[in-house]
Amino acid sequence: MTDPFLLLNERDNVLVARATTEAGTQVALEGGTATLDRIIPLAHKIARHDIPEGARILKYGMPIGIATQDISAGEHVHIHNIRSAYTATHALQDADGISAGVSQ
């Protein structure tokens, strides 16, 4: 893969920005070249190849989320198009162990 993106694990379907990257930047991907349609901040992800809705997002070779829509190669991968694979959002808890938003 090309600067300024980094492939962390061969199994990953995302690349991680090593620096903030401007919209319009051409990025060489395995299926060809993609043009970024927005600024990609440092440490944010782009799709290494097309990712279908419902597919697991892999970073460090491990699932970190699930695509909530089809994601095109080179597209920003973030909270607007994935959901967490760590915890269900309805089960998040505050530091005291009590579910957030539940009054007692």
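If you roll a 1.4 Å probe over segment 9-73 with all protein chains in place, what percent of the accessible area is carbon or sulfur?
49
Our coupling estimate for segment 38-47, obtained by passing each phi through the Karplus curve with A = 6.51, B = -1.76, C = 1.60 and θ = phi - 60°, is 7, 5, 10, x, 3, 6, 7, 10, 10, 6 Hz, Gly and Pro reported as x.
When only alpha carbons are used to place a centre, segment 19-40 and segment 53-83 end up 17 Å from one another.
The values are calculated or read from the model by the stated rules, or taken from the named source; none is laboratory data. Just so it is clear, the model here is predicted, and its values are computed rather than measured. The protein model used for the area step is the full one, side chains on, heavy atoms only, and it has no ligands, DNA or RNA in it. Shrake-Rupley method; radii C 1.70, N 1.55, O 1.52, S 1.80 Å.
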